Amino acid sequence: MNLLVSTMVGRDVENTFPERKLKERGEEVLRVENLTGDGFRNISFTLHRGEILGLAGLVGAGRTEVCKAVFGEHPLKSGKIFFENKEVRIKNSKAAIELGIAYATEDRKYDGLMLGRSIRENSSLANLKRFTNKFGLLNKKEECRTVDEMSKSLSLKTPGIEQLAKNLSGGNQQKVCLIKWLLTDPKVIIIEMLRRAQKISIC
């Protein structure tokens, strides 16, 4: 084996398989047991703090349906969902958001963005209560400051946060979708990725 490797790379390689130190696993945040619904059945997995979990499969394999089920947008026939070690019933997306679950969909034009609205409006949409006072009045100054900071941290290419979402490139539209959910301070964020795989990760 060593001879084969050295012949391929043109030099001696002393440590072909270096030892990797694994980080200590964080506490459990999300667990699903035997989830079954239209398009999927008996799905189980566990997600710990700091982990990234990938769900891969062919188109039609049920990846999106599983993610939407966790987010309360796809009905379950059976199975259990545990969040922070407590069994929960996520009946809709509002309940998921209140728990700390976010869902950045791949279909930004259909249900990810309001294309006729600004970056600012799209970014704060999922957590407007963060920018409103007890009378329901919007603190636009704080909204602008927060959205601007997040836009810069993700290197969003735009002349300003009042730019309409429809005038952004596809990649920058996806960034706005992500900004919208990051501003909810999620504990778990589900990210759909161009019909190849879904990721469920911990923030």
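The values are calculated or read from the model by the stated rules, or taken from the named source; none is laboratory data. Treat the numbers as computed from the prediction; the structure is a model and nothing was measured. Cβ atoms come from the backbone with ideal geometry, glycine included; neighbour counts cover every protein chain shown.
Would you be able to say whether some residue in the stretch 140-156 is in a strand (DSSP E or B) and either under 18 Å from the mean Cα position of the chain (by Cα) or over 30 Å from Asn85 (Cβ atoms) (or both)?
Residues of the stretch 140-156 that are in a strand (DSSP E or B), as a first pass: none.
No, the stretch 140-156 contains no residue that is in a strand (DSSP E or B) and either under 18 Å from the mean Cα position of the chain (by Cα) or over 30 Å from Asn85 (Cβ atoms) (or both).
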Could you check, for the stretch 130-141, whether at least one of its residues is of a type outside the set (Lys, Arg) and in contact with a Cys (Cβ under 9 Å, 6 or more places away or on another chain)?
no
Considering the stretch 24-59 alone, what residues qualify as being surrounded by fewer than 15 Cβ atoms within 10 Å (Cβ to Cβ), acidic (Asp, Glu) and under 22 Å from Leu76 (Cα atoms)?
Asp38
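In this structure, does Leu58 turn out to be outside any helix (DSSP H, G or I) and touching a Ser or Thr at 6+ places or on another chain (Cβ under 8 Å)? Working first, answer last.
Values: outside any helix (DSSP H, G or I): yes; touching a Ser or Thr at 6+ places or on another chain (Cβ under 8 Å): no.
In short, no.
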Can you name the condition, by its number, that Ile179 falls short on among (1) crowded, with 22+ Cβ neighbours inside 10 Å; (2) touching a Pro at 6+ places or on another chain (Cβ under 9 Å)?
(2)
From the list Leu128, Leu138, Leu154, Leu164, exactly one residue is among the aliphatic types (A, V, I, L, M) and modelled with pLDDT of 95 or more. Which is it?
Leu164
Give Thr46, Thr64 a once-over and let me know the one that is under 15 Å from Ile190 (Cα atoms), part of a helix (DSSP H, G or I) and either assigned by TED's automatic domain parsing to the domain that holds Asn127 or not aromatic (Phe, Trp, Tyr) (or both).
Thr64
Subset of the stretch 78-104, residues among the β-branched types (Val, Ile, Thr), buried (at least 20 other Cβ atoms within 10 Å of the Cβ) and over 21 Å from Asp38 (Cα atoms), comes to Ile101
Identify all residues within the stretch 121-161 that are farther than 17 Å from Leu183 by Cβ and either surrounded by 10 or more Cβ atoms within 10 Å (Cβ to Cβ) or not aliphatic (A, V, I, L, M) (or both); write none if there are none.
Asn133, Lys134, Phe135, Gly136, Lys157, Pro159, Gly160
